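Asks: Before I ask anything, here is the structure I am working with.
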Amino acid sequence: MRFRVLVLAIIGLFQLTIGGSVITTFAQTGQWVNIVENSDLEGDDVSCFFARENAAGDETVLPATIVDGAGVDDSRGIVVKSVDDAPEDWNTELFIRLPQTLPVGTKCRLSFDYKANTETEVSMQCHGEPTKYIFWGFGSATFNTSWQHFNREYIISEEMSKDDIPMRTIAIELAKNRTATTFYFDNSTGAIKSR
């Protein structure tokens with residue numbers, strides 16, 4: 001079994017990779033550390049971002065699309081489009097898939113900038129891998145045509161992360177409005193904190 005240790009001395013974060021699983025520990029307590037790759041979306045890495053736009057049409061989950069000029073101040077951002085008359089809220093979703101699972105008791109913070117081409121409300125869920133539903137109660141947000149900032153802290157509960165399906169994905173359900181809507185996201189972070 002190969003072991004690889006990455007030490008980020010500036011922030012006191014240690015990552016140990018064992019057989020493809022990442023275990024994160026902290027040299028200092030009380031540190032918030034963003035674990036989402038390419039969270040400002042200025043690069044091309046979408047390994048933490050996935051979407052489906054029309055699950056009613058059996059669309060599979062695909063890497064999210066980063067679009068030039070779609071982010072805050074015309075930076076790069078993610079664009080997800082819902083369809084008219086979607087039968088379920090989850091027929092269109094953005095998934096923020098973290099590079100590691102979040103066991104019960106983990107302190108985490110989710111933040112992102114967001115807007116849409118019309119006002120609508122969305123809800124968020126806890127998933128294992130994208131589409132592997134665990135729990136509904138991860139919050140909601142109201143979108144409108146101006147950029148807003150979502151920022152919320154959580155302590156992962158037994159409802160949010162299970163032994164057989166540990167949480168690692170935040171699913172944002174985007175089809176609550178049954179009229180086709182275009183959603184924009186930027187600066188998405190998933191930070192964890194030492195206990």
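Asks: Quick one: 3J(HN,Hα) in Hz for the stretch 135-152, Karplus 6.51/-1.76/1.60 with θ = phi - 60°, rounded, Gly and Pro as x.
Replies: Residue by residue, the stretch 135-152 yields 8, 7, x, 10, x, 8, 8, 9, 8, 9, 7, 9, 5, 10, 10, 9, 8, 8 Hz.
Asks: Right, something else. How large is the accessible surface per residue of the stretch 89-129, computed with a 1.4 Å probe and reported in Å² as a whole number?
Replies: Working: 1270 Å² over 41 residues.
Normalised by residue count, the accessible surface of the stretch 89-129 is 31 Å².
Asks: Would you mind checking which residues have amide H under 5 Å from L98's amide H? H placed 1.01 Å from N; only 5 or more apart, or other chain.
Replies: Here the answer is T169, I170, since their amide H atoms fall under 5 Å of that of L98.
Asks: Need one word for the stretch 34-82: rounded, prolate or oblate. Basis is the Cα gyration tensor (sqrt eigenvalues a ≥ b ≥ c); a/c below 1.5 gives rounded, then a/b vs b/c decides.
Replies: Numbers: a/c = 3.00, a/b = 1.55, b/c = 1.93.
It comes out oblate by the Cα gyration axes.
Asks: Express in Å², to the nearest 10, the accessible area of Y184 obtained by rolling a 1.4 Å probe over the protein heavy atoms while all chains stay in place.
Replies: Here the accessible area works out near 60 Å².
Asks: Carbon and sulfur atoms: what percent of the 1.4 Å accessible area of the stretch 61-180 do they account for?
Replies: 46 percent
The values are calculated or read from the model by the stated rules, or taken from the named source; none is laboratory data. Worth saying up front: this structure is predicted, and the values here are computed from it rather than measured. Remember, those area values only see protein heavy atoms, side chains included, never the ligands or the DNA or RNA. Shrake-Rupley method; radii C 1.70, N 1.55, O 1.52, S 1.80 Å.
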